[in-house]
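One structure is given below, encoded as structure tokens.
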Amino acid sequence: MTVTEETTTSGPGYKWVGTRPIRPDGLDKVTGKARFGADLALPGMLEGAVLRSPHAHARIVSIDTRAAAAMPGVKAIVTGADFPDPAELGGRPDEEMVAANIIARDKVLYEGHVVAAVAATSRKQAQRAAAAIEVEYQPLEHVLTVDEAMADDAPLLHPDLKTRGMDPAPEEPSNIASRISHERGDLDKGFAEADLVVERTFTTKPVHQGYIEPHAAVADAGENGRATIWCSSQGHFAMRTMTATVLGWEPSKLKVIPAEIGGGFGGKTVIYLEPLAVALSAKSGRPVRLVMDRDEVFRASGPTSGTKIRVKVGVTNDGQLTAAEAWMAYEAGAYPGSPVGAGGMTILAPYDIPNFSVEGFDVVVNKPKVAAYRAPGAPMAAFALESVLDELAAGIGMDPVELRLRNAAVEGTQASYGPKFPRIGFVETLEAIRDHDHYRAPLGPNQGRGVASGFWFNAGMNSSATVHVNEDGTMTVVVGTPDIGGSRASMGLMAAEEMGIDVAKIQSIVADTETVGFNDVTGGSRVTLATGAAVVEACRSIKADLRARAAKTWDCDIEEVEWVDGQAQHAGGGETPLSLQALARKSGRTGGPISATASLNARGVGAAFSTQVCDVEVDPETGEVTILRFTTAQDAGTAIHPSYVEGQMQGGVVQGIGWALNEEYIHDRDGRMENPGFLDYRIPVASDLPMIDTVVVEVPNPAHPYGVRGVGEVGIVPPLAAVANAIAAATGCRLVDLPMSPPRVLAAITGKADG
Amino acid sequence: MTRTHITCTINGDEVEFLCDQDETLLDALRDEVGLTGVKEGCGTGDCGACSVLLDGRVTCACLVFAPEVDGTTMVTVEGLAEAGQLHPLQQCFLEGAALQCGVCTPGFLVAAKALLDRNPDPTETEVRYALAGNLCRCTGYDKIIRAVLDAAADMQTATNGGSTAATTA
Ligand code: FES
Ligand code: FES
């Protein structure tokens, strides 16, 4: 196995930012104390079970719950009729879709769609009762792929769905929910200037986020029309809003307490069980716990879109990209909302290409409604584009990193999706890979090397944070964004840096919806950026307050007080400095408790880029691909806690490797998933992989107090193409369909398929 | 249904509980005994989140029926730290940032302890194969493998240095 190095270029003289302290919640997580979604049990709690559709598409003729309700221990049953009609919610169409996805009313749109839910005195009894509910279905024809769904005579999922974004607007309904497009320049002229044009069509299958913790929720509905929910999610405020919408309640009637979250990757930004648990609790008058089995997680939550993408790109012999054309169709699952918009915005974003046209379609099919998955929509787009770039580089005899460098977006480039880029670090990631010893290491027989790059926007959005100074001179940082991969640690580091105190004196906690101000979800790689900015802003208010209190104590002007190394100092040096602890002790006499809150809508997000290099060996007998070595260079802006930055980079890469080589939803002809378990839906295991070498590039984001960009997502964008390009280098075969599983690779190298 | 009475030793304590005939050890540990550090990721033996040491062997608790454990000795993640001292694996996981969400961590710690108990000086490849039954979706395994190798090295040093005390917080 390879020896690795972990390079971190150091920041501008920070004391705490850039260090690697043990995370505050770590101890509970290595001793089994941390409470995840399914770990809470309340006195008198009932257990629930959910009845799901066995059909991919069917009309519900009738539901008879009488036999189930008569079973011993069964306390409540709910069906679609117990919830407000989504069409009458008076909300936005996407809210209607969320509601319709939670529980079916007249039609089921995918295998796994909820039809009813039961609460009973034990889980087993709830499951038996669910099985005893009699549902009469009238099966309908279904569609499973974008090709089937876009065919002229395709059966329709939603009889009223008319494509948005078409001019003129279509008269007839279809399975195409919307069309997006971006254009610039003159495509014909661009292709005419090219010396080489490559056009390919790529397909990818739906893949699941694959978090190890299944969805779980406990609800306790009180008698005063309020309810409390404990659940693991990427954002308990969003859970509250969505659950309230589905129930037809005011959001303030719900309190959501965040459990520790066992992975999300985008898939826990949406609700599934929460409204069912509240409805069952309200009906039974007892707390109810609902936990998904793994096969329910596969059949009914996530995944991300299967796609079909056609890409055509032209290049001159000296490596100038002259034109690019992309046609993209993304499966949305049963309701509109695939990430094709982001796919279309990201596909060309890393490059400065004068002439292009991108057209994308959001297509409904009879599969579970897709949910966000790490850089939603971007990995499939990059798979297509970065594969074609590899072929172009080979075609003109140019090093693939050099081709990318010649066309890379830099500060001031008009991004393909609109705005001008501020300072970005794409070129630096390319140079980091070009200059890495990995890029020059020798390769053996049947081995090949591939590179690919990727872009992600990163998000800002709304965050609130409250900071308290405790009487012992420690501080509590209260945030409302769940900690999914070490964010408590990075909040503590930024607060320590700002306050000039030891990070060990800072306790970061994630509070419920009634204890801290509104926060958007942990997603879009936004927490270190936006919640971090709120923490920094609150700390700055506290520092101003502390200086004022010291000035009062010293009877001087606040301008004469400086905050240095965690204490108030008199500029003239005439007073003994006052530590945080000293000021905290006398807070009762200087104006009361010391705390500050900051709520903001974070602006100035910093885009993230990643460039990766991968070595593979392909077994010519079996088609099996082994990842020999992998290096990823990513611009983090500033790495607040480098270990968790590396962890995000490594985790994203490995998910991308799984997507490239093994993972896929397999459906039978009836639209039933054939591999809803980790045995047959194979995510990477430790013995499949080498170490994942990381190069943390730091090109600070000028708009953030510590230069943070956000690191969670972009790492999953390049691996699909990096692996494909490495396989092409090893075998001479260009694989265009994911996953590149042994049978596919073998067929390609033995000439039985496209190659 | 009559429930079965079980007596066993868990994390050094004698424990008694009642369970159903068809109840899994995983459900019994979580629901009857209250050891929720043992996690369910799949319920089918494919993820290792429910790993426990059953008479010294690493076992998926979701694949064992609770009535089978009468008279056995078990260790769960809750029993790894002794007398307030973290096991070197726990310490190395913390220092090496070998957890992100942490839901897989209990199973990894238990499986890694089983490995180091029988092979105190494993190679990277041996660690990777020994932990191949434990899924982690967050870390890409890199930092987990390093933490296990670090813990092995720490334990070797402690042993060779003649000290029996593990390195702890
Ligand atoms: S829960 Fe037992 S192996 Fe997954
Ligand atoms: S740390 Fe999240 S699954 Fe391993």
Search result, residues across the stretch B:126-152 that are free of Cβ contacts under 8 Å to residues at least 12 places away in the same chain and within 7 Å of another protein chain (Cβ to nearest Cβ): B:Y129, B:A132, B:G140, B:D142
Listing of strands (runs of 3 or more DSSP E) fully contained in the stretch A:531-625 that carry 2 or more residues being in contact with a His (Cβ under 9 Å, 6 or more places away or on another chain): A:561-564, A:595-602, A:608-618
Sole exception among (1) within 11 Å of another protein chain (Cβ to nearest Cβ); (2) within 15 Å of ligand 1 (Cβ to nearest atom) for B:A114, by number: (1)
B:E95 vs. criteria more than 13 Å from ligand 1 (Cβ to nearest atom), among the charged types (D, E, K, R) and over 25 Å from B:Q156 (Cα atoms): no
Any hit, the stretch A:8-17, residues being at pLDDT below 95 and within 14 Å of another protein chain (Cβ to nearest Cβ): yes
The lone exception for B:G79 - which of (1) within 16 Å of ligand 2 (Cβ to nearest atom); (2) small (G, A, S); (3) more than 8 Å from chain A (Cβ to nearest Cβ) it fails: (1)
Hits in the stretch B:111-145 - residues which are within 16 Å of ligand 2 (Cβ to nearest atom) and surrounded by fewer than 19 Cβ atoms within 10 Å (Cβ to Cβ): B:A132, B:G133
Some residue of the stretch B:60-80 being free of Cβ contacts under 8 Å to residues at least 24 places away in the same chain, away from ligand 1 (no atom under 14 Å from the Cβ) and outside the structural domain of B:L135 (by TED's automatic domain parsing): no
A:D64 more than 14 Å from chain B (Cβ to nearest Cβ), in contact with a strand residue (DSSP E or B) (Cβ under 7 Å, 6 or more places away or on another chain) and at pLDDT below 95: no
Subset of the stretch A:500-530 that is of a type in the set (V, I, T) and part of a helix (DSSP H, G or I) - its residue that is farthest from A:P577 (Cα to Cα): A:V527
Failed item, numbered, when B:C101 is tested on (1) more than 19 Å from A:P684 (Cα to Cα); (2) hydrophobic (A, V, I, L, M, F, W, C); (3) in a loop (DSSP other than H, G, I, E, B); (4) within 16 Å of ligand 1 (Cβ to nearest atom): (1)
From A:N725, A:N701, residue being assigned to a loop (DSSP other than H, G, I, E, B) and touching a residue at least 40 places away in the same chain (Cβ under 8 Å): A:N701
Per-region count, the stretch A:607-630, residues in contact with a strand residue (DSSP E or B) (Cβ under 8 Å, 6 or more places away or on another chain) and within 20 Å of A:M740 (Cα to Cα): 15
The one condition in (1) within 24 Å of B:N11 (Cα to Cα); (2) of a type in the set (A, V, I, L, M, F, W, C); (3) out of contact with any Lys or Arg (no Cβ under 6 Å at 6 or more places or on another chain) that B:V103 fails to fulfil: (3)
Checklist (1) touching a helix residue (DSSP H, G or I) at 6+ places or on another chain (Cβ under 9 Å); (2) surrounded by fewer than 16 Cβ atoms within 10 Å (Cβ to Cβ); (3) not polar (S, T, N, Q) applied to A:D565, failing item: (1)
Residue within the stretch A:102-119 that is over 26 Å from the mean Cα position of the chain (by Cα), assigned to a helix (DSSP H, G or I) and more than 17 Å from A:D160 (Cβ to Cβ) present: no
Inter-residue pairs, beta-carbon under 7 Å, first of a type in the set (D, E, K, R) and in the stretch B:39-56, second within 7 Å of ligand 1 (Cβ to nearest atom) and part of a loop (DSSP other than H, G, I, E, B), 6+ apart: B:K39/B:A49; B:K39/B:C50; B:E40/B:A49; B:E40/B:C50
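The values are calculated or read from the model by the stated rules, or taken from the named source; none is laboratory data. Note that the structure is a prediction, hence the values are computed from the model and not measured. Every residue, glycine among them, receives a Cβ derived from its backbone with ideal geometry; neighbour counts consider all protein chains shown.
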